[in-house]
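The values are calculated or read from the model by the stated rules, or taken from the named source; none is laboratory data. Since we're looking at a predicted model, the values are computed, not measured. As a convention, Cβ positions derive from the backbone with ideal geometry for all residues, glycine included, and neighbour counts pool all protein chains shown.
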Amino acid sequence: MSSSAIAAERSEISGRRSFARRILSFPVVQMALLCVLAVMSARSNLNDPDMWWHLKTGQIIASTHSIPTTDRFSYSTNHHVVIPQEWLSQLSIYALFKLWGFSGVAVWLCFAGSLLFLIGYILCYVYTRNPKIAFLGGLTIWMFSTVGFAPRPQMIGYLFLSVELLLIHLGRTRSLRWFFALPLLFVLWVNCHASFLLGFVIAAVIFFSSVTPFHAGLLVSKPWNAAVRKHYLGALAISALALLCNPVGFKQILYPIDTLLHQPIGLAQVLEWQPLRLADTRGIGLMATLACIVLMVVVRKSELMWDELLLLALGTWLAVSHTRMIFVFGILAAPVLCRVLSDLWDGYSAEQDRPWPNLLLIAGCLVVAVLAFPSRASIAQQLNRDNPVGALAFMRTNHLSGPMLNEYVYGGYLIWTAPEYPVFIDGRSDVFEWSGVLGDLTQWETLQADPRQLLDKYHISFCLLARKSPMTTVMALVPGWKLAYEDNNSVIFTRSN
């Protein structure tokens, strides 16, 4: 064998060993731990009230090969126009349901959660070059993601937010080519979740902070190179045009703005849109994260970048205004937190890695993830626990008919399980506010009007309510109505005549 062939063979062997060491490295162990955390979080968060109508919409898209643009589930909206701003996410959820039933939905959530945590970890790693501290960033994202960790399209939206931050950072520090992955990201994002608008706001904030240089104490703004800024702006311009690649054009682009400006009832009544209570666990976590960043900057006289401050302020304002947006705060705060802490722990050295112990840890993580994945029986028990299973059986056995007034959180379950009973309302607060139904229901639930007024207006034949609902007590006193069914979860009232 010639010397060149021997050298080539040695180089190939060295390359295989290097690849094996990277696969069996300490950062991979950390990523495996984050995947286990995603599985552990997913196993008890499958019973989301909105999951059902997302599944049903995905089923309609798959079976009809068309995207619904009018309401098909509720009789009260009179087929009102809907904006299909989550259709691609809904289709992906249903695709896995079609393969493996509700176990497939669990797989979807585990996969989306794992990708979210892994991208967040990689973002913190490239931002700090310290994988040990980057793991803290992944844990930070996980802690704040628990507010909305469920089989819903928002998981895809927040995953794309993490990808956006990673692409922007790689574009400004590694290669300008990373910027031109942004248009493809926004093409997918606009069809998966309305948080694409937040992505554009964040991109604009980063561009704004890249223009003007200044140094005010510990607050520093370092302008980008003109060529970098030019390519970034070009990528954003293409991304703006890419948003038009959706089923309804400008209506879909304007939808999130309409949600924030013209849906006051939904924002005030739906729990996840209400302001964050700072005394809650996540509120305390938010204040602790901000306090840690400020303390490290002041005590250690570290610099705080202008774009970091702007994104922290945006994330904090969103989280304090709306509980569900603390998810966003975690994604925006994690890289900043990791950077100010990055030199407190020695960096990672690949030479000190121990592949075989790492292999055992990775294998252990895989075993734990498999064992933690919920069984079909546990999924069924979880899905039936808080839903009106017994009440629905009563409705079918006794052939209840006519318009139904259902509990808000029961709507999605009825859409999927009992399509023969068109719902009065479900988790799509936007279409019910547009059609005036949500306003009527709010007046009914808060007794701002005679309860009989809504019941007569919509010609309600029977009411399916949660047992713990205050309206259960009220309906027992309304003339002309009687209790027909009750169990630990729900009650049914019918007209006496």
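Brief remarks on what is shown
- Only one of the numbered conditions (1) among the hydrophobic types (A, V, I, L, M, F, W, C); (2) exposed (fewer than 12 other Cβ atoms within 10 Å of the Cβ); (3) in contact (Cβ under 8 Å) with a residue 40 or more places away in the chain is not met by Leu290, and that is (2).
- Residues in the range 366-425 that are aromatic (Phe, Trp, Tyr) and either assigned by TED's automatic domain parsing to the domain that holds Trp52 or under 27 Å from the mean Cα position of the chain (by Cα) (or both): Phe373, Tyr408, Tyr410, Tyr413, Trp416, Phe424.
Conditions tested, residue by residue: (1) farther than 30 Å from Trp444 by Cα; (2) free of Cβ contacts under 8 Å to residues at least 40 places away in the same chain; (3) of a type in the set (A, V, I, L, M, F, W, C).
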position	(1), (2), (3)
Trp178	yes, yes, yes
Pro183	yes, no, no
Leu198	yes, no, yes
Ala216	yes, yes, yes
Leu219	yes, no, yes
Pro223	yes, yes, no
Ala226	yes, yes, yes
Pro247	yes, no, no
Thr259	no, no, no
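- The set of residues in the range 67-96 that are among the aliphatic types (A, V, I, L, M) and part of a loop (DSSP other than H, G, I, E, B) comprises Ile67, Val82, Ile83.
- Any hit, the range 410-424, residues being among the aromatic types (Phe, Trp, Tyr), without any contact (Cβ under 8 Å) to a residue 60 or more places away in the chain and touching a Cys at 6+ places or on another chain (Cβ under 7 Å): no
- Selection within the range 318-353 - farther than 21 Å from Val297 by Cβ, assigned to a helix (DSSP H, G or I) and under 28 Å from the mean Cα position of the chain (by Cα): Leu318, Ser321, Thr323, Arg324, Met325, Ile326, Phe327, Val328
- In this structure, Pro355 does not satisfy being touching a helix residue (DSSP H, G or I) at 6+ places or on another chain (Cβ under 7 Å), at pLDDT 95 or above and at negative phi.
- Residue within the range 479-496 that is out of contact with any helix residue (DSSP H, G or I) (no Cβ under 6 Å at 6 or more places or on another chain), assigned to a loop (DSSP other than H, G, I, E, B) and within 29 Å of His80 (Cβ to Cβ) present: no
- Test: residue in the range 109-119 that is touching a Pro at 6+ places or on another chain (Cβ under 9 Å), modelled with pLDDT of 95 or more, crowded, with 22+ Cβ neighbours inside 10 Å and part of a helix (DSSP H, G or I): yes
- Residues that are part of a loop (DSSP other than H, G, I, E, B) and more than 17 Å from Ser469 (Cβ to Cβ), drawn from the range 405-446: Ala418, Pro419, Glu420, Tyr421, Pro422, Arg428, Ser435, Gly436
- Flag for Arg129 being in the same structural domain as Leu310 (by TED's automatic domain parsing) and at pLDDT 95 or above: no
- In this entry, Ile257 is excluded by the filter for residues that are among the β-branched types (Val, Ile, Thr) and modelled with pLDDT of 95 or more.
- Matching residues, the range 185-196, being touching a residue at least 40 places away in the same chain (Cβ under 8 Å) and aromatic (Phe, Trp, Tyr): Phe186, Phe196
- Taken over the range 262-314, the residue count meeting the criterion of being of a type in the set (S, T, N, Q) and closer than 21 Å to Ile141 by Cβ is 2.
Here's the yes/no breakdown for (1) surrounded by fewer than 20 Cβ atoms within 10 Å (Cβ to Cβ); (2) charged (D, E, K, R); (3) closer than 30 Å to Gln90 by Cβ:
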site	(1), (2), (3)
Thr397	yes, no, no
Leu405	no, no, yes
Gly411	no, no, yes
Leu414	no, no, yes
Pro422	yes, no, yes
Gln443	yes, no, no
Gln448	yes, no, no
Tyr458	yes, no, yes
Asn489	yes, no, yes
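- Flag for Phe208 being hydrophobic (A, V, I, L, M, F, W, C), surrounded by 15 or more Cβ atoms within 10 Å (Cβ to Cβ) and under 24 Å from Leu318 (Cβ atoms): no
- Once the range 354-404 is narrowed to residues that are part of a helix (DSSP H, G or I) and charged (D, E, K, R), the residue that is farthest from Thr77 (Cα to Cα) is Arg376.
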